[in-house]
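Nothing in this text is a laboratory measurement; each read-out follows from the coordinates by a stated rule. Being a predicted model, the structure only gives us computed values, none of them experimental. Ideal geometry is used to build each Cβ from the backbone, glycine not excepted, and the neighbour counts take in all protein chains shown.
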Ligand code: NAD
């Protein structure tokens, strides 16, 4: 059967937060369709993740340890990708951090930290990527990973800083989509609901009542898998979605339809 994401073959993709979790699953999905992939992640183990990707999928892969909140480091990382793998025409921004504080307790420092990674980091990498596309005269596609928390207030946990950051990510995505479609860079978002990763592992293992409440609100009955998000990301990254611009694809097992 023809792979309807076949145009990903031979393309170069950058995945932030690609060292594990949803980012790594996105990288695996893109590699399965034949893309070369650069993983950008804070964790030094990102090199091992890239090596695993290359071995398992037979594609070129690169791991770059970088803090996406550092503009110079981001510019250097994207330049390293161009020099090593070629000009990237796919970007997935999956790097992100949670922020679980009661609204009375959330500090200015915590809010700024969450915004720095989730919003500023997303913008910095998207800028470096889009500049490279523009300078090379190439189009491309950006898929930002938001969250249903950008639109609703998750319960029972308190996470106002995270919710605000994800709302900002979704709004940023629409602005970038409008400004960049004119030179062929499409920007869209995927908004996951609850997904089994390191971000949710502690809750799953230690807070059964909380997780039971999450499950009771998910029509599909359980948390999602990183691959569920990755399939949606691959669709938006590929030309299968060529007329989809500035949209958010929600992948939440139905959580937000209730
Ligand atoms: P995760 O913690 O497993 O992975 C996040 C990755 O981002 C890590 O490898 C981490 O090192 C990296 N990262 C963090 N800060 C960074 C920085 N400053 N520079 C570079 N890399 C950095 O989490 P995940 O669940 O895979 O989350 C991926 C994305 O999906 C996040 O944006 C998260 O907000 C979003 N999301 C997750 C869920 C969920 O339930 N897991 C739900 C909705 C949205």
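Which residue pairs have Cβ atoms under 6 Å apart, sit 6 or more places apart or on different chains, and have a first residue in segment 41-55 that is surrounded by 15 or more Cβ atoms within 10 Å (Cβ to Cβ) and a second that is part of a helix (DSSP H, G or I)?
49/24; 53/27; 53/31
Residues of segment 23-51 being within 14 Å of the ligand (Cβ to nearest atom) and either in a strand (DSSP E or B) or out of contact with any strand residue (DSSP E or B) (no Cβ under 6 Å at 6 or more places or on another chain) (or both), which ones?
So in segment 23-51, the residues within 14 Å of the ligand (Cβ to nearest atom) come out as 23-29, 38-50.
Across segment 23-51, the qualifying residues are 24, 25, 28, 29, 38, 39, 40, 41, 42, 43, 45, 48.
If residue 229 passes every condition in (1) within 20 Å of residue 142 (Cβ to Cβ); (2) surrounded by 13 or more Cβ atoms within 10 Å (Cβ to Cβ); (3) more than 14 Å from the ligand (Cβ to nearest atom) but one, which one does it miss?
Only one criterion in (1) within 20 Å of residue 142 (Cβ to Cβ); (2) surrounded by 13 or more Cβ atoms within 10 Å (Cβ to Cβ); (3) more than 14 Å from the ligand (Cβ to nearest atom) is unmet by residue 229, namely (3).
Out of 95, 116, 83, 130, report the one residue that is within 16 Å of the ligand (Cβ to nearest atom) and not in a loop (DSSP other than H, G, I, E, B). Show your work before the answer.
Values: 95 fails: not in a loop (DSSP other than H, G, I, E, B); 83 fails: within 16 Å of the ligand (Cβ to nearest atom); 130 fails: within 16 Å of the ligand (Cβ to nearest atom).
When all the criteria are applied, what remains is 116.
Are any residues in segment 133-162 within 16 Å of the ligand (Cβ to nearest atom) and within 16 Å of the chain's Cα centre (by Cα), and if so, which ones?
Matches in segment 133-162: 142, 143, 144, 145, 146, 147, 148, 149, 150, 162.
Mind counting the residues in segment 10-22 that are within 16 Å of the ligand (Cβ to nearest atom), on the phi < 0 side of the Ramachandran plot and not in a strand (DSSP E or B)?
Counting residues in segment 10-22 that are within 16 Å of the ligand (Cβ to nearest atom), on the phi < 0 side of the Ramachandran plot and not in a strand (DSSP E or B) gives 4.
Is there a residue in segment 202-211 that is crowded, with 19+ Cβ neighbours inside 10 Å, more than 9 Å from the ligand (Cβ to nearest atom) and over 28 Å from residue 129 (Cα atoms)?
no
Residue 237 fails exactly one of the following numbered conditions: (1) within 14 Å of the ligand (Cβ to nearest atom); (2) within 17 Å of residue 28 (Cα to Cα). What is the number of that condition?
(1)
I'd like the full set of residues that are touching a residue at least 40 places away in the same chain (Cβ under 8 Å) and touching a helix residue (DSSP H, G or I) at 6+ places or on another chain (Cβ under 6 Å), limited to segment 218-247.
Within segment 218-247, 226, 227, 229, 230, 233, 234, 235, 238, 239, 241, 245, 246 meet the criteria.
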